[in-house]
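The values are calculated or read from the model by the stated rules, or taken from the named source; none is laboratory data. Not measured: the values here are computed from a predicted model. Virtual Cβ from ideal backbone geometry, glycine too; neighbours counted across all protein chains shown.
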Amino acid sequence: MSQSRFAAIILAAGSGTRMNSAVPKVMHPIAGQPMIAYPLQALQPLAPGATVVVIGPQMEAVARTVAPAQTVVQDPPLGTGDAVRAAFRAMSGRLSPQGEIDEVLVLYGDTPLLRSETLARLLAEQKQAPAAILLAGMRPADPGPYGRLISGPGGRILRIVEAADANSEEYAIGVCWGGLMLIQARHLFELVDGLDRNNAKREFYLTGIVGLASDRGLQCRAVELLPEELIGINTRTELAEAEALMQRRLRRGAMEAGATLVAPETVFLSADTRLGRDVVVEPNVTFGPGVTVGEGARICSFSYFEGATIGAGARVGPFARLRPGAVLEEEVHVGNFVEVKAARLGAGAKANHLTYIGDAEVGARTNIGAGTITCNYDGFNKHRTTIGEGVFLGSNTALVAPVTVGDGAYVAAGSVVTREVPADALTIARGQQVDKSGRATEIRARLRRKNN
Ligand code: UD1
Ligand code: MG
């Protein structure tokens with residue numbers, strides 16, 4: 001059993017009305033992964049004693065994404081306080097004084113920029129000076145719709161007032177709540193149970209527990225954190241802002257790990273992109289999810305990758321597209337207008353121009369001429385192409401799969417290969433050239449007469 005004395009509740013049941021989307025808000029991706037994955041990843045190093053994600057009805061996709069974390073369905077979603085009550089019921093057996101958990105950390109699923117270090121800092125602050133409720137405060141440039149922290153003597157927080165319920169004086173307060181709070185488990189049920197819906201939105205606000213706690217003489221305080229980490233995503237505009245912040249963070253991380261990004265602001269990374277040391281990424285490259293690049297590889301402009309592995313010293317692009325299952329071993333060259341999908345190219349193989357390689361195995365040092373296509377699809381099924389080592393495929397070769405080309409074979413340009421090419425064979429599979437001497441002059445003369 002975990003030694004952690006805290007449990008985490010992540011709220012994700014809201015309908016996300018302001019996104020105007022058929023997709024649950026927390027499933028919208030940031031840097032290639034759903035927003036909801038971020039708080040879970042931030043929690044991981046802290047090993048919470050339990051993690052419960054509160055989802056809404058018909059959010060099976062969210063449940064699948066957060067698995068193996070436990071999910072609880074809040075049906076109907078009646079506000080953030082009601083969501084915490086739903087989670088509390090699911091974990092109540094484990095809460096203090098008899099259970100192993102004595103603090104509950106509530107995180108909002110729409111707050112993806114929060115880092116582990118910041119969560120750890122909040123937990124450490126609580127250990128040093130325990131409060132009934134410890135809040136993450138922030139001063140965003142535009143406090144807009146955030147809840148305002150109303151403070152009293154000695155820095156105590158008396159209440160949180162939601163923007164929709166604030167009078168003009170309260171609305172003018174710049175210190176807001178950032179969607180993250182740590183609550184002593186022994187007070188949680190009583191506080192959440194005391195909430196009502198007498199507010200502008202007719203919801204059970206979680207933020208209401210701060211007023212309830214302070215009215216009972218319990219101490220609530222706030223730690224001020226960076227707004228860049230606490231930005232909550234409620235609209236598409238905020239989604240784009242969070243994407244920009246995340247990209248800046250990922251680019252910085254990639255450069256610190258030893259990659260050169262020639263124009264970082266034009267390179268788009270996914271949360272799981274791995275760039276080795278001395279990788280050079282030229283301007284305008286997109287890394288979708290699941291891409292790893294080995295040491296010293298060069299990625300040229302306007303390339304687009306997802307689910308691909310690029311070996312050390314490889315050279316890819318400009319204008320290359322690597323789709324899921326593309327594996328380029330060391331020193332492979334893949335050039336302009338080349339697409340690779342579910343295919344492995346052995347060390348030193350080259351496909352420099354205008355090629356499609358799909359569902360294929362290409363041996364080491366094989367040269368794939370311009371315009372080569374693996375014809376992998378018959379309209380119903382995909383078929384594999386196997387090309388050996390040290391093969392030379394002439395320009396415009398069509399390989400009609402399933403088909404195999406043996407090691408060291410030489411395939412003449414323009415060939416349509418429909419059956420096995422033996423190792424070290426020269427294969428010519430194209431129409432014969434016929435030269436009729438002087439016929440061009442005759443034809444021209446005939447056409448000229450006709451047109452006059
Ligand atoms: C909330 C806070 C606000 C704070 C801001 C920080 C409340 C009432 N307000 O406002 O003080 O400054 O976050 O970002 O808490 N959710 C549920 N069940 C529900 C309703 C919401 O699980 O019934 C989830 C949502 O999916 C979301 C999170 O709770 O992940 C917050 O809800 P949201 O509607 O985004 O609250 P905000 O208006 O942003
Ligand atoms: Mg929000």
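Structural remarks
- Residue within the range 380-395 that is within 33 Å of the chain's Cα centre (by Cα) and farther than 19 Å from Ala326 by Cβ present: yes
- Tally of residues being touching a Lys or Arg at 6+ places or on another chain (Cβ under 9 Å), farther than 16 Å from Gln247 by Cβ and part of a loop (DSSP other than H, G, I, E, B) across the range 259-293: 2
- The residues on offer are Leu275, Leu230, and the sole one that is within 16 Å of ligand 2 (Cβ to nearest atom), of a type in the set (A, V, I, L, M) and buried (at least 18 other Cβ atoms within 10 Å of the Cβ) is Leu230.
- Filtered residues of the range 191-220 (kept if buried (at least 20 other Cβ atoms within 10 Å of the Cβ) and farther than 16 Å from Val84 by Cα): Gly211, Cys220
Results for (1) charged (D, E, K, R); (2) buried (at least 22 other Cβ atoms within 10 Å of the Cβ); (3) under 22 Å from the mean Cα position of the chain (by Cα), shown as yes or no for each residue.
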| site | (1), (2), (3) |
| --- | --- |
| Val54 | no, yes, yes |
| Thr80 | no, yes, no |
| Ala90 | no, no, no |
| Glu100 | yes, no, no |
| Val104 | no, yes, no |
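- The single condition from (1) surrounded by 20 or more Cβ atoms within 10 Å (Cβ to Cβ); (2) of a type outside the set (Asp, Glu); (3) free of Cβ contacts under 8 Å to residues at least 24 places away in the same chain; (4) more than 16 Å from ligand 1 (Cβ to nearest atom) that Arg248 fails is (1).
- Taken over the range 153-204, the residue count meeting the criterion of being assigned to a strand (DSSP E or B) and of a type outside the set (A, V, I, L, M) is 6.
- Thr235 meets the conditions (1) surrounded by fewer than 20 Cβ atoms within 10 Å (Cβ to Cβ); (2) away from ligand 2 (no atom under 16 Å from the Cβ); (3) of a type in the set (Val, Ile, Thr) in every case but one. The failed one is (2).
- Flag if Thr372 is in contact with a strand residue (DSSP E or B) (Cβ under 7 Å, 6 or more places away or on another chain) and either closer than 15 Å to Arg344 by Cβ or surrounded by fewer than 20 Cβ atoms within 10 Å (Cβ to Cβ) (or both): no
- Candidates Asp82, Asp142, filtered to the one that is among the charged types (D, E, K, R), outside any loop (DSSP other than H, G, I, E, B) and within 14 Å of ligand 1 (Cβ to nearest atom): Asp82
- Restricting Val73, Val66 to those that are surrounded by fewer than 21 Cβ atoms within 10 Å (Cβ to Cβ) and away from ligand 2 (no atom under 16 Å from the Cβ) reduces the list to Val73.
- Qualifying position, being in contact with a strand residue (DSSP E or B) (Cβ under 8 Å, 6 or more places away or on another chain) and of a type in the set (D, E, K, R), among Arg216, Arg221: Arg221
- Residue match in the range 162-180 (condition: away from ligand 2 (no atom under 14 Å from the Cβ) and at pLDDT below 95): no
- Here Ile157 meets each of (1) surrounded by 16 or more Cβ atoms within 10 Å (Cβ to Cβ); (2) in contact with a Lys or Arg (Cβ under 7 Å, 6 or more places away or on another chain); (3) at pLDDT below 95 with one exception, condition (3).
- Criterion (without any contact (Cβ under 8 Å) to a residue 60 or more places away in the chain and in contact with a Phe, Trp or Tyr (Cβ under 7 Å, 6 or more places away or on another chain)) met by exactly one of Gly79, Gly49, Gly56: Gly49
- Condition met for Thr111 (within 13 Å of ligand 1 (Cβ to nearest atom) and of a type in the set (Ser, Thr, Tyr)): yes
Okay, residues lined up against (1) at pLDDT 95 or above; (2) closer than 18 Å to Gly32 by Cβ; (3) touching a His at 6+ places or on another chain (Cβ under 9 Å); (4) crowded, with 22+ Cβ neighbours inside 10 Å:
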{"residue": "Glu265", "(1), (2), (3), (4)": "yes, yes, no, no"}
{"residue": "Leu269", "(1), (2), (3), (4)": "yes, yes, no, yes"}
{"residue": "Val280", "(1), (2), (3), (4)": "yes, no, no, no"}
{"residue": "Pro289", "(1), (2), (3), (4)": "yes, yes, no, no"}
{"residue": "Val293", "(1), (2), (3), (4)": "yes, yes, no, yes"}
{"residue": "Ile299", "(1), (2), (3), (4)": "yes, yes, no, yes"}
{"residue": "Thr309", "(1), (2), (3), (4)": "yes, yes, no, no"}
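- The test for being under 25 Å from Glu203 (Cβ atoms), in contact with an Asp or Glu (Cβ under 6 Å, 6 or more places away or on another chain) and either away from ligand 1 (no atom under 15 Å from the Cβ) or not polar (S, T, N, Q) (or both) does not hold for Pro24.
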